[in-house]
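Just below is one structure, and these are the notes that go with it.
The values are calculated or read from the model by the stated rules, or taken from the named source; none is laboratory data. Please read these numbers as outputs of a predicted model, since none were measured by experiment. Note that each Cβ is placed from the backbone with ideal geometry, even for glycine, and that neighbours are counted across all protein chains shown. SASA here: full protein model, heavy atoms, side chains in, ligands and nucleic acids out. Shrake-Rupley method; radii C 1.70, N 1.55, O 1.52, S 1.80 Å.
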Amino acid sequence: MAFSFAAFSYIIALIADAFLIFFAIFHVIAFDELKTDYKNPIDQCNSLNPLVLPEYLLHIIFNLLFLISGEWFSLIINVPMIAYNINRYRTRPVMSGPGLYDPTSIMNADTLTKCQREGWIKLAFYLLSFFYYLYGMIYSLISA
(Lines give C-alpha, C1' and ligand atoms only; values in the text may rest on other atoms or scores of the structure.)
Protein backbone atom coordinates (compact mmCIF):
# COMPACT_ATOMS: atom_id res chain seq x y z
CA MET A 1 0.00 0.00 0.00
CA ALA A 2 1.79 3.06 -1.31
CA PHE A 3 0.71 6.65 -1.57
CA SER A 4 0.86 7.77 -5.20
CA PHE A 5 0.05 11.02 -6.94
CA ALA A 6 -3.11 9.37 -8.29
CA ALA A 7 -4.26 8.66 -4.73
CA PHE A 8 -3.48 12.28 -3.82
CA SER A 9 -5.54 13.43 -6.83
CA TYR A 10 -8.49 11.34 -5.73
CA ILE A 11 -8.27 12.64 -2.15
CA ILE A 12 -8.29 16.24 -3.41
CA ALA A 13 -11.16 15.35 -5.77
CA LEU A 14 -13.15 13.87 -2.87
CA ILE A 15 -12.73 16.98 -0.77
CA ALA A 16 -13.49 19.33 -3.67
CA ASP A 17 -16.44 17.21 -4.75
CA ALA A 18 -17.89 17.46 -1.25
CA PHE A 19 -17.84 21.25 -1.64
CA LEU A 20 -19.39 20.94 -5.11
CA ILE A 21 -22.18 18.80 -3.64
CA PHE A 22 -22.88 21.51 -1.06
CA PHE A 23 -22.89 24.16 -3.83
CA ALA A 24 -25.37 22.08 -5.86
CA ILE A 25 -27.62 21.56 -2.83
CA PHE A 26 -27.53 25.29 -2.15
CA HIS A 27 -28.50 25.99 -5.77
CA VAL A 28 -31.42 23.54 -5.63
CA ILE A 29 -32.68 25.06 -2.36
CA ALA A 30 -32.24 28.60 -3.69
CA PHE A 31 -34.27 27.93 -6.83
CA ASP A 32 -36.96 26.20 -4.80
CA GLU A 33 -37.16 29.32 -2.59
CA LEU A 34 -37.52 31.44 -5.73
CA LYS A 35 -40.23 29.16 -7.09
CA THR A 36 -42.24 29.42 -3.88
CA ASP A 37 -41.64 33.20 -3.58
CA TYR A 38 -39.84 32.78 -0.26
CA LYS A 39 -36.99 35.10 -1.30
CA ASN A 40 -36.79 37.89 -3.81
CA PRO A 41 -34.76 37.41 -7.01
CA ILE A 42 -32.24 40.17 -6.30
CA ASP A 43 -31.15 38.71 -2.96
CA GLN A 44 -31.10 35.20 -4.38
CA CYS A 45 -28.96 36.17 -7.38
CA ASN A 46 -26.63 38.10 -5.08
CA SER A 47 -26.11 34.93 -3.04
CA LEU A 48 -25.85 32.56 -6.04
CA ASN A 49 -23.59 34.51 -8.39
CA PRO A 50 -20.49 34.57 -6.12
CA LEU A 51 -20.55 30.74 -6.03
CA VAL A 52 -20.40 30.20 -9.79
CA LEU A 53 -16.70 30.83 -10.42
CA PRO A 54 -15.47 28.95 -7.30
CA GLU A 55 -17.56 25.96 -8.43
CA TYR A 56 -15.98 26.02 -11.87
CA LEU A 57 -12.46 26.53 -10.51
CA LEU A 58 -12.74 23.66 -8.03
CA HIS A 59 -13.92 21.38 -10.80
CA ILE A 60 -11.11 22.40 -13.14
CA ILE A 61 -8.37 22.17 -10.48
CA PHE A 62 -8.91 18.56 -9.52
CA ASN A 63 -9.33 17.62 -13.17
CA LEU A 64 -5.93 19.15 -13.85
CA LEU A 65 -4.61 16.85 -11.13
CA PHE A 66 -6.24 13.92 -12.92
CA LEU A 67 -4.54 15.05 -16.13
CA ILE A 68 -1.14 15.25 -14.46
CA SER A 69 -1.52 11.90 -12.70
CA GLY A 70 -2.71 10.13 -15.85
CA GLU A 71 -6.17 9.22 -14.58
CA TRP A 72 -7.70 9.37 -18.04
CA PHE A 73 -11.08 7.80 -17.34
CA SER A 74 -11.70 10.18 -14.43
CA LEU A 75 -10.78 13.06 -16.68
CA ILE A 76 -12.96 11.84 -19.55
CA ILE A 77 -16.10 11.56 -17.39
CA ASN A 78 -15.58 15.16 -16.22
CA VAL A 79 -14.86 16.78 -19.59
CA PRO A 80 -18.55 17.07 -20.63
CA MET A 81 -19.42 18.90 -17.38
CA ILE A 82 -16.43 21.23 -17.78
CA ALA A 83 -17.41 21.93 -21.40
CA TYR A 84 -21.01 22.60 -20.34
CA ASN A 85 -19.86 24.97 -17.57
CA ILE A 86 -17.58 26.87 -19.94
CA ASN A 87 -20.33 27.16 -22.55
CA ARG A 88 -22.86 28.20 -19.91
CA TYR A 89 -20.56 30.95 -18.64
CA ARG A 90 -19.64 32.02 -22.17
CA THR A 91 -23.31 32.46 -23.14
CA ARG A 92 -24.46 34.07 -19.89
CA PRO A 93 -26.58 37.21 -19.92
CA VAL A 94 -24.82 40.56 -20.04
CA MET A 95 -24.06 41.48 -16.44
CA SER A 96 -21.80 43.91 -14.62
CA GLY A 97 -20.19 41.27 -12.39
CA PRO A 98 -19.30 37.59 -12.47
CA GLY A 99 -22.08 35.05 -12.28
CA LEU A 100 -24.82 33.42 -14.33
CA TYR A 101 -28.07 34.57 -12.83
CA ASP A 102 -29.77 37.82 -13.79
CA PRO A 103 -32.43 39.00 -11.30
CA THR A 104 -34.61 40.41 -14.07
CA SER A 105 -34.91 37.16 -16.00
CA ILE A 106 -34.58 34.52 -13.26
CA MET A 107 -38.30 34.61 -12.42
CA ASN A 108 -39.23 33.64 -15.96
CA ALA A 109 -40.85 30.19 -15.62
CA ASP A 110 -38.69 28.62 -18.35
CA THR A 111 -35.47 30.03 -16.93
CA LEU A 112 -36.35 29.03 -13.39
CA THR A 113 -37.24 25.48 -14.48
CA LYS A 114 -34.02 25.23 -16.51
CA CYS A 115 -31.90 26.44 -13.59
CA GLN A 116 -33.64 24.10 -11.17
CA ARG A 117 -33.16 21.13 -13.51
CA GLU A 118 -29.51 22.10 -13.96
CA GLY A 119 -29.05 22.11 -10.19
CA TRP A 120 -30.56 18.63 -9.83
CA ILE A 121 -28.45 17.23 -12.66
CA LYS A 122 -25.28 18.72 -11.20
CA LEU A 123 -26.17 17.31 -7.79
CA ALA A 124 -26.63 13.83 -9.27
CA PHE A 125 -23.38 14.12 -11.25
CA TYR A 126 -21.37 15.25 -8.22
CA LEU A 127 -22.87 12.53 -6.01
CA LEU A 128 -22.04 9.79 -8.50
CA SER A 129 -18.59 11.30 -8.99
CA PHE A 130 -18.00 11.32 -5.24
CA PHE A 131 -18.51 7.57 -5.00
CA TYR A 132 -16.39 6.96 -8.09
CA TYR A 133 -13.57 9.07 -6.62
CA LEU A 134 -13.85 7.12 -3.38
CA TYR A 135 -13.51 3.89 -5.36
CA GLY A 136 -10.61 5.33 -7.38
CA MET A 137 -8.80 6.44 -4.23
CA ILE A 138 -9.14 3.03 -2.59
CA TYR A 139 -8.12 1.26 -5.79
CA SER A 140 -5.05 3.44 -6.30
CA LEU A 141 -4.00 2.98 -2.66
CA ILE A 142 -4.37 -0.79 -2.79
CA SER A 143 -2.87 -1.40 -6.22
CA ALA A 144 0.25 0.76 -5.82
I'm checking my understanding of the structure. Among residues of the range 64-81 that are part of a helix (DSSP H, G or I) and either among the acidic types (Asp, Glu) or touching a residue at least 24 places away in the same chain (Cβ under 8 Å) (or both), which one is surrounded by the fewest Cβ atoms within 10 Å (Cβ to Cβ)? 68
Which condition number in (1) part of a loop (DSSP other than H, G, I, E, B); (2) loosely packed, with under 15 Cβ neighbours inside 10 Å is the one that residue 103 fails? (2)
Tally time: how many residues in the range 106-121 are part of a helix (DSSP H, G or I), open to solvent by 20 Å² or more (accessible area, probe 1.4 Å) and not acidic (Asp, Glu)? 8
Report whether or not residue 126 is closer than 25 Å to residue 15 by Cα and among the aromatic types (Phe, Trp, Tyr). yes
Test: residue 129 is open to solvent by less than 50 Å² (accessible area, probe 1.4 Å), out of contact with any strand residue (DSSP E or B) (no Cβ under 7 Å at 6 or more places or on another chain), modelled with pLDDT of 95 or more and farther than 22 Å from residue 40 by Cα: yes
Being free of Cβ contacts under 8 Å to residues at least 60 places away in the same chain, of a type in the set (A, V, I, L, M) and closer than 18 Å to residue 56 by Cα is the filter here, so list the residues in the range 16-39 that pass it. 16
Within the set of pairs 6+ apart or on separate chains, which have a first residue in the range 106-121 that is closer than 15 Å to residue 29 by Cα, a second that is open to solvent by 50 Å² or more (accessible area, probe 1.4 Å) and hydrophobic (A, V, I, L, M, F, W, C), and C-beta atoms under 9 Å apart? 119/25; 119/26; 119/29
Hey, does the range 71-91 have a residue that's of a type in the set (Phe, Trp, Tyr) and more than 27 Å from residue 41 (Cα to Cα)? yes
Within the range 1-48, how many residues turn out to be open to solvent by less than 10 Å² (accessible area, probe 1.4 Å), closer than 18 Å to residue 108 by Cβ and among the hydrophobic types (A, V, I, L, M, F, W, C)? 5
